[in-house]
Structures are given as C-alpha cells and as structure tokens.
1. Across the range C:3-131, how large is the tail of the calculated P(r) beyond 27 Å, expressed as a percent of all Cα pairs?
2. Using the Cα centre of the range A:2-117 as the reference point, and only Cβ charges (+1 on K/R, -1 on D/E), how large is the resulting charge dipole? Debye, rounded to the nearest 20.
3. Per-residue counts of other Cβ atoms within 10 Å, averaged by peptide: what ranking do you get for C:55-64, B:249-258, B:655-664, B:592-601, highest first?
4. How far, in nm, would the chain grow between B:R152 and B:N381 when pulled straight, counting 0.36 nm per residue and subtracting the alpha carbon separation?
5. Can you figure out the FRET efficiency of B:L249 with B:K290, using R₀ = 35 Å and their beta-carbon distance, to the nearest 0.05?
6. Per residue of B:576-585, what is the mean number of Cβ atoms on other protein chains within 10 angstrom of that residue's Cβ?
7. Between the range B:353-419 and the range A:1-65, what is the C-alpha centre distance in whole Å?
8. Using heavy-atom solvent-accessible surface (probe 1.4 Å) with all chains present, what is the largest-first order of A:I94, B:I719?
Amino acid sequence: MKALVVDDSNTMRAVLRRILQMRGFETVEAKHGVEALHVLAQTGTADLALVDWNMPEMNGLQFVTEVRKNPTHAQMRIMMVTTETGLHEVQSAIDAGATDYLMKPFTTGQVDDKLALLGLDSHA
Amino acid sequence: MNECGESADSRIRTKQGALQSRLDRRFSAETAMEELDEIFSEFLIEANEVLDQFDRDMVELEKDPSSRTLLDGIFRGIHTIKGTSGVLGLDKLVSISHVGETLLCRMRDGEMRLTPESTTALLAMSDSLRQVLGAIAASGSEGDGDFSALIRLLTSLLDPQHTSSEPAAPSTDLPAANQSMAAAALTPAQDPPPETAPPASVKTETAREQKDLGGDALGNTIRVDVTLLDKLMNLVGELVLARNQIMQLTSVQTEPALTGAAQRLSHITSELQSSVMKTRMQPIGTIWHKLPRLLRDLARGCGKEVELITEGAETELDRTILEAIKDPLTHVIRNAVDHGIETPEQRSRNGKNPAGQLTLRAYHEGGKVNIEIRDDGAGVNLDAVKRKALERRLIEPGEADRMSERELLSLIFQPGFSTAQQVTNISGRGVGMDVVKTNITKIGGTIDLQSTPGQGTTLTIKIPLTLAIIPALIVTSASNRFAIPQVSLVELVRLEGEAAAHAIEYIHNTPVYRLRGTLLPIVYLDQELGAAARQTKEDGQAITIVVLQTESNVFGLVVDEVNDSEEIVVKPLGNLLRGLSCYAGATIMGDGRVALILDVMGLAQKARVVGEQRTRTTETVVEKTQMDMELESWLLADLGGARRVAIPLDRVHRLEEFPASAMEWSGNQSVIQYRGEIMPMISVAQLLGMARISEPAATMQATVVSRGDRRYALLVDRIVDIVEQQIVVDPSRKTALCAGSAVIEEHVTDVLDVEGIIDASLFHTAELLTAQAGSC
Amino acid sequence: MAHQMCTFVLDRLLFAVEVERVQEVIRYQDATPVLTAPDSIAGLINLRGQIVTAIDLRRRIGLREREQDARPMNIVVRAAEGAVSLLVDEIGEVVEVDPESFEPLPETITGSMRTTTSGVYKLEHALLHALDLAATLQISAAPDGHLSKREAD
C-alpha cells in the first residue's frame, strides 16, 4: 500500500514516514499542496494521504479541494493532520472531501485506530 | 474562520489522553533508538531554521506591520514548532510556543497590532525556544529552565487592556502537559545529565551550529552530514597527492597507454576535487541571516536606528572559512553600530537621515572573496585614535604627528588598542579589532580600513575561497623545497649575467632591489631560515626573486630556484612545531616527500626583526608620492662604498675643497678655519654608520651648509652631480638623518636631512653616533 | 606487576618506551628538515599521507651525534601531540620488566638525560633506561629570532 505524506515540516514527515513504513506502507512525500499534486501526478495515486493543514504555497484545504477534482484519486483516503487549535478546520476539510482527521500530538496507537477505521490495517 | 482554538473539543482530548499511555510503550518498543535519534536531530535542525527565519521575519514585520505574507510565515513557523514538539513530547517547547502562537494568531486575525513591545517579547520567545533546543541537543532533555516569566509576559500582551507597568496574571491558557507517545522513548536511555542552561530571562543566543547545507529532504537536494563532507574532502586531498605522484612517475615514461591513462586520471581528479569543493561551499548569506536580529538588538540597545543593506548574499565560500569569519564579522558589525553610527539626533543635526545605513557587500574578485562592511556614520576620529594610542604607549609622542592617516587607522588593529575598560557592553566581550585581524589573517585573509570623517567607515575583508587545497609555487632554497601560497605571489624576477651582479643594492646594510623604480626590500630565504652561511655568489650567477605581498608589505624573497606551480594539500604541522612563525603548514609532494609551506606574513615579520624597519605600507609610499613629487635640485655625492646621498641644493651654501692637513680638533669635534670662523666638519659617512675611510685623502670634499648664522662642512667622498628632477622619496627609510631614500639617476640614494645631520653632530661625538646610526 | 617495554639502542645504551605507546616501527626515511626548529627536531616524514614530526632522540637526550651515514629507525609513538616519530639507532626486542628492579636516576646524572629519562630497570645483563615520553616531547620551540645551535654554527 502506498501513502502520501504532505507536511512542510521535515520532522513531521520523518515521524509519519516511520510510523507508516512500519505498518507496511510505501511512502511518498511532499512539502506542500502544489508539490503533493505534482508527486501524485508522477507516482500515481495513493491509498492514503496524510495532509497537514498549515503549509506554504498551497494549504491542506486547498489541496483536498484540488485533489478531489481529479477522479484518479477518488479512492484515496485523506486524513487531515491538525492540532487542537485547528479543529474548526476539520469540518471544512471533510466538507471538501477529506476522509478523517488525526490530531497532533498523536500516538502510534491513534494512528492505528484511524487506519483501522479507514480499513487500511489489514496487515497490522 | 477562527483557528485560535480557545474552545478545543474536550472530549477528543480526553480520548487522546486515555490512549496515550498504552501506546507510548508500543511506539518505543518498535522504534529503534537510532531512528529516534535521527528524527530528533532532524527536528533540532528544522526548529533552529524555523527560528532563524522567524527572527528575520519579525524584524521585517516590525518595518512593515501590515504584511500578511510575513505574518502568515511567522505564524506557520511557530505553529510548526508547536506541532512537532507536541508529537515528540517536548512539553516545554509546546507551552512556550503556544502562547506565542496565540498572540500571533490574534495579530493575524487583525485583533491586535504589532507593537515594539510585543516584537521584543516574541523575539525573547524565540530565544527561549532556542535555549530549550540547545539543552535538548546537549543533554537530550529540555532542561529545567524556567520560562514562566516569559509566558506571563506573552500572556499579558494578549490582554487588550494590557499596560506594561502592571504585572501580568499567570496564564491559565496553557494546554495540559502533553503526555505524548514519544516522550519516554525519545529521551536517550541513560539518565539525562544535570541541566546547565542559563535562566530564561537571560537573552542568550544558543548559537547552535546548524548542519544546514541548504538542502532538503525532497526534490533534487539531500542533506549530508558535514563530517562526511570533511572526510570526502580529506580523501580528495589524498587523491590529489596520489595523482601528483603518478604524474611525476609517468613523466619519465614513454608508454603511451600509461601516460594517456595518467592524463585521464589527472583530469578526473581535478574535476572531482572541484566538485567536492563545491559541495562545501555555502552562500555567505547563511551567516548573514542572523544579522537583522542582531542589528535590531544592538540598535535598540544603544538608542540608534540602523538600516541593513546586503548585497551579494549568494556569494559562496568554503564552510570552514565561513565558520572562521562569523565571529569577526559580528564583531565588526557591533563596532559599526556602537562606535560608527551616530544617534538619530546627532545625525539629524548633521543633516543626515536619522537612520544609519550599514551595508554588507560580498563579491568575488581575483580568486578571493571581498566582504565590505560600510557604515555612513561619523567615521573614525583620528585625534581620538592618536590620543588612545599614546595613552596605551603604542606610539611615541613625536611619532603621532608624522603618521599618515592610514597609519593612524592601522593602529586600531594593534593589540592592546582597545581594552576591556573602555569597551562598551555592545562591542565588548573583551575582543578588540586586533583579534578580528588575527582571525582574518589566520585564514589567509587581509583587512583594510578606510574612513572619511563625517561620512563613514568602510572595512574591507579579503579572504580566500578555500583553505584545504591551494595553488602554490614550489621553490628551492638551501637544498630544500618550499611551497609559497600563490595568493601572496606578485611576480617573479629572474636576473642573469651582468644584471644579476649589481642587482641587489644596500641601504644601511639592508638589501634592496629596484623594481621599476620602487625599492623592494630583499629577504634571502636561506638566511632567514638560518641555513648554512650563504656562499658568495659568483659574478653573473642568476638571482631569482619571488616578489611577495602581505597585507601591508611587498618584498622580494631570494630563492635558489623556482620549480613549479602546483596544487597542494595543506596539512597542519604537529604541535611540536606550532610555534614556528615561518611556516603555515606542510604538504606532501609528488615524490612523497614533505615540503614546508611558507607563511609569507610570518616570514616578513621575522625578516623585519632582523633587518631594518619596514613597517610602512606600500600604500603609504603611493600616498606620499603625490606629495613629494616636486621638481627640486639636488646635489649628489658619493660617500664611498657605492653609497650615494642627495642634499637639497637650496641648503648648500658652497662647495669647497680642503687640504686634509687643515683639519683641526676642538674637543672631540673636527673643525676647520673657514672665512674667519671655526666651522665644524661633519663626516656624513661616519654619521650614517659607514666604516671609516681607512686613509683620508689629501684633499677633502665638503659641502658647506648653513643654519642660522653658523656654517657646517659636510664631508663627502666625491661630489657627483647636480640634478634637477622629481624624486620619489620612500619614507619607510626615514630616520633622524635621512628623509628617506630615492632612486636618482638609477642609484639608490639616501636623501639627507640636513637639520638632522647638524643636530646629530652637535650633540654627540662621531663615535657615539656611529653606534646610533646603526638603527638609522 | 610486570609490564612490557619496547627497547631500542641509542649510542650503545639501552632505552625503552612502553609498548602500548608504540604505534609502529618503520625503516629509515629521509626527513625534510625544519629550519628554525629546535635542534632535536630531525624533520618531517610522510607516514602514509600523514605528516609526522621526527625527533632525533640522540640530540634530545644529549648523546653523541650519530655517524653521518647512519640510517636510524623510526619508532612512531602515540602522544598527546598526535603521532611522533623517534629516531633511534636500532630496535631491540620487547621485554618484560619487573617494577621491583626500577631505580630512579642517580643524582650525578644531569641535563637532558635527567629530564627525558625517568629511571633505569636493572636487567640481568644491562641497564634499561626508561624514556619519559611526555617529558621527551616537551621541546621548547626556540622562539623565532633566537638562533638554534645549528643556525649559530
């Protein structure tokens, strides 16, 4: 399975990459929405996208809106990664086509729970 | 849309908390320690980068408070730090950044405006975050610094009714300490060492070195550990040596396949070398980034306004060099703000813009990087410099008045010029400009100061691009090979046959060579290094002079042979040989043997110790040239021993010839009866410290000069000529007896100071003077 | 407790340095002289790309000069200063010495010998001079401008 991690923080990407790879995901990464769209175009769609909210160039909400316009990525589960201060954004992201959200700070267990909810935990 | 989140969903929080403890163990169990270390160091690099950008943007924002882009970036930066800190379980970082984030959020949403006070508070927050990051880097834990005062301050700023005089209420707005997944796992297994971080209220810059190479985890660039780069650089150095050896071995080979392969190896090695060098290059902007913040603090600290202009931030330098110039540069800038730029009131009074300008300019020039630090301040007060130099006994009272502007300015770089006493707390820290100069010199750089009163000061630093592998000239002297860094090389002069025989002339026992009309002090390398006494040169034997420049001198180094130009790998000398100032290091030659690299500056200094005064700069010569270029008439005379002097003709009363028998003694002064008076006879040769002429001639040549109503006879060997020409006096040979030396009719000629000569003869016996003139 | 010493000969005297300080022993190599350096500095040698300072131990200890055509050996030792090579006449074997047999130098021995040698081990057939490596490497570099002995000659 393949996961796309979109976050402007190297650290966050490293953490998420680590967690996902240990769960058998192949990962691709991008620093912001524009790059994420570019990565998807190059490497094909993914099973899962973990998307940060506040990023330069193109933020999480704009990315969700954009990516949902493309039917190629219709099956892609999108999980918004946000902080407690961004809870209000979650609703607008879900309205725009996000599947679920993950709140920072999170634990691996929370990630597992979310993956299970999304049906992406077959091998865990 | 409100992102400030004062009304977080408490149910979600509770659920989170419940899951955490169970899952913490799981994460730590499945994640290897080194992976955590990696994430951790990634975080430290990133967070420091974010904070640097934060500082720059804050300073910018203060100038342009309405910039939405800046505010967004600033907010995002702190938001990122808070988010990632939370994930990594770094509660202290979370609690500090949280208040800042809230404050910034209010500003972004237009509920608050940026005030100088809040800028200062937010910058203090960034310092505190750095401090915690520093503690993490040093000990693996966040340390026990107390940041409650800062948090209270930031919280108080959130209150619209806030006035700075009122103590702020403690914050109740902080999130509960986050017991996150990685908190336990990310702390190294061993007990964290006791915290040593300074208290939070102290504004310390935890100058944690970033490993940033401008790379990124994505796209076409990667991050590489600097130690790996250093290793790569060393290996390339070794490869260059091996290549040089191979080239030497194959130079005597005729096998075409072998020589062809060696050629290819050589090319590839050069390519590789330059590519590896490039990986170590970083734009100078990486060390300029912190300046806006520094300047803001400095300017506020001394009530000044300073505008920073940078040009050429993309100019690249080897990272070792960048590292080496960072502190000197900071010091120079501190100095410029502290001493250079005036207060806004003073500036306004003088019709200047109240805000001073500090311009940093970097550019490549002739294989070097020039860095200019220019301020439009008051300029250096030369009188103050003079006073201080006298106070500190760096110069003698009489000396100060004779010194040119440039020479006075150079006093600033003298050790002991600035001392702790009068160093303010800004440019302070006990470092003077001499340390700046030493540090720049250490990396083969030079420093030059120019100042115009009322208009400002410009400091120019010239530094080499890299240090590890340098082009050098290989010479032989006293049967040893030496490498001379090409950067000091001006030109090579080779003299053969007749030209060689008389090329080196002597002024007061100091060898000089006339290079296109300028006197070039000569240093014999073998003598300087104390090699066996120089064999007397046979007539017509060739002389090779390597003309070298240091920052303030040009001199000719006589060597036996110039071998080649080569790229050499600079290796340090062991500690046992540290103290030798003549050598900058050593290198391994193509044949595997070691050759010493000459330290041109050290050599020049050493030569000066044993030779004559050569302290004046060549620039001075040029400067003085303009002033002394006057058409004058000169009487030229020989003193014997090829020594020639010039006497200003307007001082010469008469030319006379006396029989030697007419000389009489009065006390220990030789005199002669002349036109009814007793006239002192002064042997110029003796005064100048020349050996006595063994057998006085039957007649004596004298030039009669007068002072007041007295006349004096200056005895010379032979009157040569009277010339009328412009002469260029080299003031570096100025003494009490000579105004300097010049080249007249192709002879090195001492220009006599008639007053000095008369004074000397009046107060001392000829014998005493002989000794004294040795220092002439 | 007995410990091991690497022995070598200087002007027919037997000397030794602790085995664990010895990095390697290499044959004679032409050293590049360092003019202006103190007399006991024999020069610089290239040890596989590393530049190592060689010390003429005879001069350092104040023994007679080596014959002109003698080919001394290099004992490369690890010191705080990094690798340093000691020029010796001959390399001997590694011997175990008994601390009981150790005796400080008699008062009558003075000069460089006294500062560079910590004492002697009384071996069955010879006296083994124990080199004080740290003290031996304390070579006061003649400050520039002062003539070393060689220069003055």
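The values are calculated or read from the model by the stated rules, or taken from the named source; none is laboratory data. As the structure is a computational prediction, the values presented were derived from the model and not from experiment. Because the Cβ atoms are built from the backbone with ideal geometry, glycine has one as well, and the counts that use them run over all protein chains shown. Calculation scope for accessible area: heavy atoms of the full protein, side chains included, ligands and nucleic acids excluded. Shrake-Rupley method; radii C 1.70, N 1.55, O 1.52, S 1.80 Å.
1. Distances greater than 27 Å cover 16 percent of the Cα pairs.
2. So the magnitude is around 280 debye.
3. B:592-601, C:55-64, B:655-664, B:249-258
4. Gain on extension, B:R152 to B:N381, equals 77.9 nm.
5. 0.10
6. 6
7. Between the Cα centre of the range B:353-419 and that of the range A:1-65, the gap is 55 Å.
8. Final ranking, largest accessible area leading: A:I94, B:I719.
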